[in-house]
Each structure stands twice: as structure tokens, then as C-alpha cells.
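Asks: Got a structure for you, questions after.
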Amino acid sequence: MNVHDPKSVRPEVTTGPLPASRKIYVSPAEAPDLRVPLREIALSPESGEPPVRVYDPSGPYTDPDVAIDVDRGLPRHRQAWVLERGGVEAYEGRTIKPEDNGSVSGRHAARTFPTVHHPLRAAGRDKPLTQLEYARAGIVTKEMIYAAHRENLGRAAALERAQAALADGESFGASIPAHITPEFVRDEIAKGRAIIPANINHAELEPMIIGRNFLVKINANIGNSAVTSS
């Protein structure tokens, strides 16, 4: 078995563009400052077809223009979105305890990274904080605009025949409109039929809507956190 000191080893991650494709960004009209990622796949020249754009959840790791540094962490684009909405404050948080690292300490403990961000919390109870609270208050967030723009992948080109295609298919009880608007996203969240997992302290994540009427139907978390259970 290899033995190493976790505090002296610099972890590495696989980065770089994927074969025969490139990451591109598009901006919704409702919020031009947002950059929603898509993957553009090159087709065979013999096909005579333009590149195909698909949903891209690979994050900044496949963007050749982004320098990945595990010590600094991923870019925290959502931090500005959260702060501009207001109603939050930074606080010290708590120190790391042995139970956070599998109940081990010393050289067996997981490596401590040099970049530490102060966590945010609600500053009072008079303002919404979660996407569900904003949705039920009738407020469309940038996360909802981002998710709606992702959902419309390919819909713009097919909009003219969308109603006919919907009528020709079987919905199995779903209610998917021909065009996804940020308001539709907000309404689905408010009704409890969809979620955007977007904790305010995970400012690096790319918002994704999950629900019956959206592209992603199921959310599963699979991790290797150094936490024990009995």
C-alpha cells in the first residue's frame, strides 16, 4: 500500500476539452450577464449538418480557458447573485472537528485547503433565502433564469412545430410547454413540482432544475465524503 502525507500531496483533477466538441456559452435575454454553458459537438463533414448543441453539466473542468486550481477552488459566480439579492450576512462558522474527517486526526486527517470562504446565513427572517421561498414570494431569481435558458436547448429551432410535436406525443401526465420561461420555472418550484438545489454557500455550482416537466427528472448524490456511519 502506498503511504503518503495528505498535507504534502497536491491533489489533481482531470481537465481539458472533450473530443470532437467544444464548450460554448450563451446568455439569456432576461439576464445578459449570465453565461449558460452548452456543448457543441462537431458532426462528420459528410453529414453536411451543423454542429449539435447539447446540455453540458461538466462544469469549468472542460473549459480550456479556465485555470483549475484545487487550492483556490472553483470560480464562485453565484456569490454575486446571492449578495445582490440581499438578506444575507457572512459569519465565522465553526472549526473543523475530527468527526468531519472520519473521526481521525493528525496525519490521518484530510488535507486542509488554504482557501477558506466565510459561510453566509440569513440576516433576519423578513426576506426569502431559498429558491423555494423566492418562488413562493413571486420572485424570479437568476438561478431560475439560468435553468430556463438551459431547458430551452433546441427548442428555439423547433418552436414552429413544437405544438404539433407535443400534440402528437404522449405526455404521461406531464405538462411541458413548447417554450420554458423563467416564470414557468418559478411556478413549478412554487407548486412543489420541481427544485433547484442551490445552497447559498455553494456559490460555484451551475443551477439545474429537476422535476417531471424538465430535462432532469431525478437527483442522486453519490460521494466519497470522509464521514463515517454505523
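None of the figures in this text is laboratory data; all of them are computed from the coordinates on show. Just so you know, these numbers come straight off a predicted model, no measurement behind them. When we count neighbours, we look across all protein chains shown, and the Cβ atoms used for this are built from the backbone with ideal geometry, even at glycine.
Asks: Might you let me know whether the range 63-73 holds any residue that is of a type outside the set (D, E, K, R) and not in a loop (DSSP other than H, G, I, E, B)?
Replies: No, the range 63-73 contains no residue that is of a type outside the set (D, E, K, R) and not in a loop (DSSP other than H, G, I, E, B).
Asks: Could you list all residues from the range 24-43 that are under 16 Å from residue 206 (Cα atoms), surrounded by 15 or more Cβ atoms within 10 Å (Cβ to Cβ) and either touching a Pro at 6+ places or on another chain (Cβ under 6 Å) or in contact (Cβ under 8 Å) with a residue 60 or more places away in the chain (or both)?
Replies: Those that are under 16 Å from residue 206 (Cα atoms), surrounded by 15 or more Cβ atoms within 10 Å (Cβ to Cβ) and either touching a Pro at 6+ places or on another chain (Cβ under 6 Å) or in contact (Cβ under 8 Å) with a residue 60 or more places away in the chain (or both): 28, 31, 34, 36, 37, 38.
Asks: So, of the residues in the range 193-222 that are free of Cβ contacts under 8 Å to residues at least 60 places away in the same chain and either within 18 Å of residue 140 (Cβ to Cβ) or among the basic types (Lys, Arg) (or both), which turns out to be surrounded by the fewest Cβ atoms within 10 Å (Cβ to Cβ)?
Replies: Filtering the range 193-222 for residues that are free of Cβ contacts under 8 Å to residues at least 60 places away in the same chain and either within 18 Å of residue 140 (Cβ to Cβ) or among the basic types (Lys, Arg) (or both), the one surrounded by the fewest Cβ atoms within 10 Å (Cβ to Cβ) comes out as 217.
Asks: Right, something else. What tally of residues in the range 44-65 results from selecting those that are in contact (Cβ under 8 Å) with a residue 12 or more places away in the chain and closer than 30 Å to residue 116 by Cβ?
Replies: So the count comes out to 9.
Asks: If residue 87 satisfies every condition in (1) touching a strand residue (DSSP E or B) at 6+ places or on another chain (Cβ under 6 Å); (2) farther than 19 Å from residue 147 by Cα; (3) buried (at least 16 other Cβ atoms within 10 Å of the Cβ) but one, which is the exception?
Replies: The failed condition is (1).
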